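Each remark here refers to the structure printed beneath this line.
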Amino acid sequence: MPSSSTIRLDWVEPTLTDGPSDAKEIATYNWHPSSTIEVPRMVVPGLPPFLVDSRDPPKLEYDQGTFFCDENQYRQKESPTESLFQAVAICTPNFDWQAVDIVTDRNNLRKLMRALQPQWDSFDDQSFQIDLDIVGRTVVLTRVGPAESQVFGCGHSFEDQMTTPSPEGSFRRVVSLNLGRVALVVRSEIDAVDGGTWRSVSRKAEWSPKPGSRIEIKRGGGLKKGSECPEYWELKTKSLKKSFDWAGAY
């Protein structure tokens, strides 16, 4: 492909596909609440928050304060994707990275898919930036933007009402999948899990530093062997004044 700042349509070879295929979970982890800027701490495999089975409508309050919009970047500004690779190295040590085309967070895919929508020109803020690093045949996509922000709405209040939080902190899941002829590894934050039999993290488990890294890791969590496959949830709220943007979210 010629060097250019623009990708022309006639350079793209379309592939017919019905959507993602061969999806496999290859890692989970938590960012532990005891993490600091100097020493980020991960629990691998992770222990998720669980969905609360409530029949009563929750009473919500507006969110106040500053919240993470990218905790991976906040914990490791110099290397936001390192935690993904560290988790996979523990959960799936024989994973074949040579066969992967793209490594990314779900947020990057959402932005790219949103840009392809016909109504893209009508969005209030069209600009975004994604850093690309090429390692061999693999492209690593890294989100660029603030790690924290003030939130307007009730989204975090809704999560608090509808979940039992994990004592190990916020929960991430890493999956491998194919999209047409493209092999991806995708990381996403999971708001809640319904089902499955999970291991608790032993109080005797100790933090182990990783050579050449600021990260400390505690082993524990994860699904028990033979457990049924759980459902992974993302929780959303919306204003009554607007319709929900299903295409933008999913």
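The values are calculated or read from the model by the stated rules, or taken from the named source; none is laboratory data. As the structure is a prediction and not an experimental result, all values here were calculated from the model. As a convention, Cβ positions derive from the backbone with ideal geometry for all residues, glycine included, and neighbour counts pool all protein chains shown.
Results, tabulated for the structure shown:
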| quantity | calculated |
| --- | --- |
| Every pair of residues 6+ apart whose Cβ atoms lie under 7 Å, when the first sits in the stretch 223-236 and is aliphatic (A, V, I, L, M) while the second is part of a loop (DSSP other than H, G, I, E, B) and surrounded by fewer than 13 Cβ atoms within 10 Å (Cβ to Cβ) | 223/197 |
| The stretch 230-250, subset over 18 Å from residue 169 (Cα atoms) and at pLDDT 90 or above, residue surrounded by the fewest Cβ atoms within 10 Å (Cβ to Cβ) | 231 |
| Residue in the stretch 62-69 that is within 15 Å of the chain's Cα centre (by Cα), over 19 Å from residue 134 (Cα atoms), surrounded by 12 or more Cβ atoms within 10 Å (Cβ to Cβ) and at pLDDT 75 or above present | yes |
| Answer from 236, 218, 242 - the residue that is part of a loop (DSSP other than H, G, I, E, B) and farther than 21 Å from residue 105 by Cα | 242 |
| Subset of the stretch 170-187 that is of a type in the set (Gly, Ala, Ser) and touching a strand residue (DSSP E or B) at 6+ places or on another chain (Cβ under 6 Å) - its residue that is modelled with the lowest pLDDT | 170 |
| Candidate set: the stretch 141-156, residues that are assigned to a strand (DSSP E or B) and modelled with pLDDT under 70; chosen: the one farthest from residue 70 (Cα to Cα) | 150 |
| Residue selected from the stretch 76-103 under the condition within 15 Å of the chain's Cα centre (by Cα) and among the aliphatic types (A, V, I, L, M), by the criterion surrounded by the fewest Cβ atoms within 10 Å (Cβ to Cβ) | 102 |
| Test result for residue 78, part of a loop (DSSP other than H, G, I, E, B) and in contact (Cβ under 8 Å) with a residue 40 or more places away in the chain | no |
| Test set (1) under 24 Å from residue 108 (Cα atoms); (2) under 18 Å from the mean Cα position of the chain (by Cα) - residue 154 fails condition number | (2) |
| Condition broken by residue 110, with the remaining ones in (1) modelled with pLDDT under 90; (2) within 21 Å of residue 198 (Cα to Cα) satisfied | (2) |
| From the options 216, 159, 168, 189, residue that is surrounded by 17 or more Cβ atoms within 10 Å (Cβ to Cβ), in contact with a Gly (Cβ under 9 Å, 6 or more places away or on another chain) and within 17 Å of residue 71 (Cβ to Cβ) | 168 |
| Residues located in the stretch 11-36, provided they are in a loop (DSSP other than H, G, I, E, B), surrounded by fewer than 16 Cβ atoms within 10 Å (Cβ to Cβ) and in contact (Cβ under 8 Å) with a residue 12 or more places away in the chain | 15, 16, 17, 19, 20, 33 |
| Number of positions in the stretch 197-212 that are closer than 17 Å to residue 232 by Cβ and either buried (at least 17 other Cβ atoms within 10 Å of the Cβ) or in contact with a Phe, Trp or Tyr (Cβ under 9 Å, 6 or more places away or on another chain) (or both) | 1 |
| Count - residues of the stretch 199-218 that are closer than 17 Å to residue 27 by Cα and either modelled with pLDDT of 95 or more or among the β-branched types (Val, Ile, Thr) (or both) | 5 |
